[in-house]
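Undergrad: I'd like to ask you about the structure that follows.
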Amino acid sequence: MTPIRRYGDAGQAFPIYITVVGGLLFLAFAYIAVGQAAANRNDAQTAADAAALAVAQDRRDQLADVWADNLLDPTKWQDVFDGKVDGLDLSCWRADQLAAQNDATVLSCLPEGLLGYTVVVETNDTVGDSIVPGTEDKKSQEEATAVIEPRCEFDIPVEEAAEDALPALTCEGAEWELDPKAPEELLPKPEDLFEVHLAD
């Protein structure tokens, strides 16, 4: 009498089971690799955003100082708000500083017109080991552009042009009645005069 093979089907299913589990593990590791790469890119973008904003804020602060220095000459105000100012210090050192704080390195920092900067950074860390060949030494690069926008408007009446009075400065609905003799702390701050944000 021939014995009955009760485990024949199970024996045939085992290789299929191994194949399916192996495929699922491969997919899981692939998703991990994708996640590692995405996290590395996010770190690079965060560093680029912070660096670009820091550069633009430094330039904004310098423009505000020039405006305050020319407070008594309103004919120069518009050039300041348009960014048409010579002799300002370089601002890209702030990009290096903020990138380093976010574990990245600045590859380039360039003016974007008169009132903006574009910064490109690269992460110091690599994507890391994964099942995807060639990613272990790959670093992420991202760029960001920050712009400076003037927030204020003013008019210089003809009859006041030769007088000592200063025109009213309106900054997004807030009106500043400027007094030439007012102490510096009562003047508009850089953030009152200019807005800094990332370009869309």
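Undergrad: For residues that are charged (D, E, K, R) and modelled with pLDDT under 75, scanning just segment 132-169, find the one that is farthest from Asp79 (Cα to Cα). Working first, answer last.
TA: Residues of segment 132-169 that are charged (D, E, K, R), as a first pass: 136-139, 142-143, 149, 151, 153, 155, 159-160, 163-164.
Cutting the leftovers down to modelled with pLDDT under 75 gives us 136-137, 159-160, 163-164.
Details: Glu136: 50, Asp137: 48, Glu159: 21, Glu160: 19, Glu163: 21, Asp164: 20 Å.
Per the stated criteria, the residue is Glu136.
Undergrad: Moving on. Where residues in segment 170-183 are under 29 Å from the mean Cα position of the chain (by Cα) and in a loop (DSSP other than H, G, I, E, B), which of them is modelled with the highest pLDDT? First the steps, then the outcome.
TA: Initially, segment 170-183 is screened for residues under 29 Å from the mean Cα position of the chain (by Cα), giving 170-174.
After this cut, where a residue has to be in a loop (DSSP other than H, G, I, E, B) as well, the list is 172-173.
Numbers: Glu172: 91, Gly173: 86.
Residue satisfying both the conditions and the ranking: Glu172.
Undergrad: Further, regarding this structure: With the structure loaded, tell me whether Val55 is at pLDDT 95 or above and within 30 Å of Ala99 (Cβ to Cβ) or whether it fails that test.
TA: Working: at pLDDT 95 or above: yes; within 30 Å of Ala99 (Cβ to Cβ): yes.
Judged against the criteria, Val55 is a match.
Undergrad: On to the next question. Is it the case that Asp125 is surrounded by fewer than 20 Cβ atoms within 10 Å (Cβ to Cβ), more than 18 Å from Ala64 (Cα to Cα) and under 13 Å from the mean Cα position of the chain (by Cα)?
TA: Values: surrounded by fewer than 20 Cβ atoms within 10 Å (Cβ to Cβ): yes; more than 18 Å from Ala64 (Cα to Cα): yes; under 13 Å from the mean Cα position of the chain (by Cα): no.
So Asp125 fails the test.
Undergrad: Further question: Within segment 184-200, can you find the residues that are surrounded by 17 or more Cβ atoms within 10 Å (Cβ to Cβ) and at pLDDT 95 or above?
TA: First, the residues of segment 184-200 that are surrounded by 17 or more Cβ atoms within 10 Å (Cβ to Cβ): 187-188, 190, 193-194, 196.
Passing the criteria: Pro190, Leu193, Phe194, Val196.
The values are calculated or read from the model by the stated rules, or taken from the named source; none is laboratory data. Not measured: the values here are computed from a predicted model. Don't worry about glycine lacking a Cβ; one is built from the backbone with ideal geometry, like all the others, and counts go over all protein chains shown.
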